[in-house]
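Heads up: the structure comes next, in structure tokens.
All of the numbers you see were taken from the coordinates with simple rules; none came from a lab. Treat the numbers as computed from the prediction; the structure is a model and nothing was measured. Every residue, glycine as well, gets a Cβ built from its backbone with ideal geometry; the counts of neighbours run over all protein chains shown.
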Amino acid sequence: MTARERFQRTMRFQTVDRAPMIEVGFWGATLERWLTEGMPEQARLKDTLTFSGCDFFGLDPQRCLGLNLGMIPGFETQVVCEDERTITHRNSEGLVMRSMKDGSSMPQFISWPVRTRDDFRSIKPHYDPSRPERYPQDWDDLVAWARTRDCPLWGPAIGSVGFYSMLRRWMGTENACTIFYDDPSLADEMLDLVADFTIAAMERALAQVQMDYFMWWEDFAFKNGPLVSPSLFERFLLPRYRRVNDALRAHGTDIIFVDSDGDPSVLLPLLLEAGVNGTYPIEAAAGMDPVRLRREYGRDLLLWGGVDKRALARDERAIEKELRGKLPPLLAEGGYIPQLDHMAPPDIPYDNWMFYLDLKRKMLEGR
């Protein structure tokens, strides 16, 4: 069975040889640790993402459309200051952030490009969907490859586009939460731009290739719940989600995930109403549980993730308890891809990671 057949059949609750073997990746500091703990030097990976597959770890291949849905042209990047441990810089989207030089943590965001309505209108020309740079230079080759591909094709790109996430990217978390009250007409204008731009920018892709799934990137929840209330979601986000999701389905893409850490549980009924039918990565530390979600939503909600990364930091017994406590009923029914609930952090020993991959593969194969 090809990786594409395996993915499609799993997502449609059909019989498979095994569920997809996928992991999103690991922190840079994690790889550095593993190189000191027995990972072969020749296995040093090009980057820390394995979402598109990894032969060394036995992960199934995928391919991404690789569309650029960011600002074009972007801001001029600039180093603001640095010391021995951190660097503060402005990125191409105008965000000023402070990061650890060893990549050991999430960055600290300091300022954003949009503070006023005039700021927003000044960046709108940077979201011209017709810019040829939005498509990779090898686009024609990808279209030809897609006709006979044997692995899933998805889009638009990791961390690419979402509704709340775009407001946060432009304004920062606090202002993205309060804009709905402070200036609802500006919130409408911003969200309409995201919807119109996404549909227009993807029009060529949707006409030329058949995507296996679409991934919204939102990260609009934390441990205790979402950053957007159900009433705000229903008023501002739901109608825009529905417009884009309807366009995706009109072109045959009916597997649509939302990527959000934290606990977005109270938004799941509204996401389903908006045409989303999958949730990812089901963060255990926030109380998310794929077994509970399957019990609550049945086959209406596709599940991806949910393996508690903290178990891998302990020992083999904890890893086995985590996998055997969650995977069997979900794998038996389908509609589920088991994966860590985020990138592997550096507190995971290399031997534990390899034990986890080996045990997961055996369980996927029914051994």
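Couple of notes before you dig in:
- Spherically averaged projected area of the convex hull of Cα atoms, the stretch 82-190: 9.9 nm².
- Each Lys and Arg contributes +1 and each Asp and Glu -1, all at the Cβ; summed about the Cα centre of the chain, the dipole is approximately 760 debye.
- The relative contact order of the chain comes to 19 percent, based on Cα pairs under 8 Å that sit 6 or more residues apart.
- Difference of contour (0.36 nm per residue) and Cα-Cα distance, residue 316 to residue 117: 66.3 nm
- For q = 0.06, 0.13 Å⁻¹, Debye-computed log10 I/I(0) when each Cα of the chain counts as one equal scatterer: -0.23, -1.17
- Relative packing of peptides 203-210, 82-89 - highest average C-beta neighbours within 10 Å first: 203-210, 82-89
- By the helix-only formula, in which each DSSP H run with n ≥ 4 contributes -39500 (n - 2.57) and the sum is divided by residues, the chain has a 222 nm mean residue ellipticity of -11500 deg cm²/dmol.
- In this simple spin-label model, placing a label point 7 Å from the Cα along the Cα-to-Cβ direction at both residue 47 and residue 181 gives a separation of 3.9 nm.
- Near residue 184: Cβ cut-off under 13 Å, other residues only, Lys/Arg at +1 and Asp/Glu at -1. The net charge is -3.
- Dipole axis of the chain (+1 Lys, Arg; -1 Asp, Glu on Cβ), positive-most option in 50, 270, 221: 270
- The charge dipole of the stretch 1-91, taken about the Cα centre with unit charges on the Cβ atoms of Lys, Arg (+1) and Asp, Glu (-1), comes to about 580 debye, rounded to the nearest 20.
- Dipole moment magnitude, nearest 20 debye, the stretch 273-341 about Cα centre, only Lys, Arg, Asp, Glu C-beta charged: 200 debye
- Too-long pairs where the Cα-Cα distance tops 23 Å, listed order kept, from 101/360; 223/309; 309/360; 46/326; 46/321: 101/360; 46/326; 46/321
- Structure remark: mean-square fluctuation, Gaussian network model of the chain, C-alpha springs under 10 Å; the largest value among 14, 78, 42 belongs to 42.
- Subtracting the Cα-Cα distance of residue 55 and residue 246 from 0.36 nm times their residue separation leaves 65.2 nm of extension gain.
- Ellipsoid semi-axes in whole angstrom, largest first, where each is sqrt(5λ) of the Cα gyration tensor of the stretch 272-345: 22, 14, 9
- Computed over the Cα atoms of the stretch 229-367, the ratio of the radius of gyration to the Kirkwood radius (Rg/Rh) comes to 1.02.
- Nearest-0.05 FRET efficiency for residue 300 and residue 5, computed from C-beta distance (R0 22 Å): 0.45
- Normalised per residue, the volume of the convex hull around the Cα set of the stretch 160-230 (Å³): 105 Å³
- The translational diffusion coefficient of the stretch 21-158, from Stokes-Einstein at 37 °C and 0.692 mPa s with a Kirkwood hydrodynamic radius over alpha carbon pairs, comes to 180 µm²/s.
- Positive end of the dipole of the chain (Cβ unit charges, origin at the Cα centre): among 208, 236, 7, the Cα lying farthest that way belongs to 7.
- Estimated inter-spin distance, residue 357 and residue 124, nm [label 7 Å along Cα→Cβ]: 4.9 nm
- Sorting 302-308, 124-130, 175-181 by average packing, meaning the other beta carbons within 10 Å per residue, from highest down gives 302-308, 175-181, 124-130.
- Amide H contacts of residue 217 (H built 1.01 Å from N, under 5 Å, at least 5 apart or other chain): 160, 161, 162, 259
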